[in-house]
1. With the cut-off at 1.5 for a/c, could you classify the range 70-223 from its C-alpha gyration tensor as rounded, prolate or oblate?
2. Along the positive direction of the dipole of the chain (beta-carbon charges: Lys, Arg +1; Asp, Glu -1; about the Cα centre), which of Thr38, Phe203, Tyr189 reaches farthest?
3. Among rounded, prolate and oblate, which fits the range 59-124 when a ≥ b ≥ c are the square roots of the eigenvalues of its C-alpha gyration tensor, a/c under 1.5 means rounded, and a/b larger than b/c means prolate?
4. When a/c reaches 1.5 or more, the comparison of a/b and b/c decides; with that in mind, is the chain rounded, prolate or oblate per its Cα gyration tensor?
5. Sorted by mean Cβ packing within 10 Å, highest first, what order do the peptides 174-183, 94-103 take?
6. Report, to the nearest 10°, how far helix 242-255 tilts away from the longest principal axis of the Cα atoms in the chain, using its own Cα long axis and a range of 0 to 90°.
7. Past the 25 Å Cα-Cα mark, which pairs from Lys65/Lys99; Lys63/Lys123; Lys65/Lys117; Lys123/Lys169; Lys169/Lys244; Lys63/Lys103?
8. For Asn218 and Lys244, calculate 0.36 nm times their separation in residues minus their Cα-Cα distance, and state this gained length in nm to one decimal.
Amino acid sequence: MTAVAESTQSTQTSSRGEAGAVPSFDVTLRIRRFDPDTSAEPRWEEFTVTVHGTDRVLDAMHKVKWEVDGSLTFRRSCAHGICGSDAMRINGRNRLACKALLKDLDPSKPITIEPIKGLPVIKDLVVDMEPFFASYREVMPFLITGGNAPTKERLQSPEDRARYDDTTKCILCAACTSSCPVFWTDGQYFGPAAIVNAHRFIFDSRDEGAVQRLDILNDKEGVWRCRTTFNCTEACPRGIEVTKAIQEVKRAMITRAF
Ligand code: SF4
Ligand code: FES
């Protein structure tokens, strides 16, 4: 089925028709739909909408939802690359819909949008994130310390802070884990995101739980399942060197140096 959103603006020209105006164009979204209440099988559906040159995939999806088909279901919150809730597979690659500019995706062809892979689909682009968060919780992503709580803040040198700076940037979007071929075939694998968040604390000089976390990740579903395909690093919208972080955790497991 193809649906078209009628715009009050002209299709190929600016809404303001003046110098500095933002040009608009038509784009077709080819979206994988799934509604367990109506069919056990997913289906593809196309929507053509008029968008501006500065619009992102999320803007086009809002237009579909608000003007054409209110049943289209997807997650999003901040719309600015911070909350991590709108990871989806766009033209075969995991991205945040709020960070993917339509003009960068060759809008002359339909843009395919699917749910991220490896997690059960609940409806349309919404997947069940619980298996992903279960692995995250398992690596204990919080500061572990012994003794009495200090009366002042726990100090750390800039060098020690820099040691794990990259992995603090994670927004738990699951783009890395759901781009990993090992995770697609073995949903029990901890996955890159859990390892990234373990790394964030293993290499924190104030933390005392590194040995526990390394033991957890030494599991048969832990870091050794990683095949170093780099899909995770390519998928990360925060630019985290995910594969490097996994390699550092592997090394720490062997050397016990962290
Ligand atoms: S490491 Fe990157 S891709 Fe993976 S969950 Fe964190 S922000 Fe998302
Ligand atoms: S909506 Fe929050 S990261 Fe995209």
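Taken together, the values in this text are just the output of simple stated rules run on the coordinates, not laboratory data. Keep in mind that this is a model prediction, so the values were computed, not measured. Glycine also receives a Cβ, built like all others from the backbone with ideal geometry; neighbour counts cover every protein chain displayed.
1. Values: a/c = 2.50, a/b = 1.81, b/c = 1.39.
In terms of gyration-tensor shape, prolate.
2. Phe203
3. rounded
4. Details: a/c = 2.70, a/b = 1.91, b/c = 1.42.
Prolate, since a/c reaches 1.5 and a/b exceeds b/c.
5. Answer by packing, highest mean first, reads 174-183, 94-103.
6. Computed tilt is about 10 degrees.
7. Lys123/Lys169
8. Extra length available between Asn218 and Lys244 comes to 7.6 nm.
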